[in-house]
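Throughout, read-outs are computed from the coordinates displayed, never taken from laboratory work. A quick note: this is a predicted structure, and the numbers were derived from the prediction, not measured. Cβ atoms come from the backbone with ideal geometry, glycine included; neighbour counts cover every protein chain shown.
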Amino acid sequence: MQRRSKSAPPHPYKQFEGTRLWKALDKGIDELIENQDLKEITKRKYILGYLCKALTQRKEILFSK
């Protein structure tokens, strides 16, 4: 029988944690949930990570005129 570690595996978005983008999105999600505009059913770190990744990959489009 194989033993499993009790610690959770790191999520794939670790590189974005603590960035200004992560913090800004986190605050925005908090506000949407507080206003009952959004219902959070996925762990926050995965939501934030996905959004950070998506926005980072599209930054050329976002900041062009």
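Tabulated results
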read-out: Around TYR46: net Lys/Arg minus Asp/Glu count, Cβ-Cβ under 14 Å; value: +2
read-out: Equivalent ellipsoid semi-axes - Cα gyration tensor, segment 14-62, angstrom; value: 20, 12, 10
read-out: Selected from LEU38, LEU51, ALA24, residue furthest toward positive end of dipole (segment 14-62; charges at beta carbon); value: LEU51
read-out: Around GLY18: net Lys/Arg minus Asp/Glu count, Cβ-Cβ under 13 Å; value: +2
read-out: Two-site FRET efficiency, THR56 against GLU34, from Cβ-Cβ distance with R₀ of 22 Å, rounded to 0.05; value: 0.25
read-out: Computed E for ILE41/ARG20 - FRET, C-beta separation, R0 25 angstrom, nearest 0.05; value: 0.45
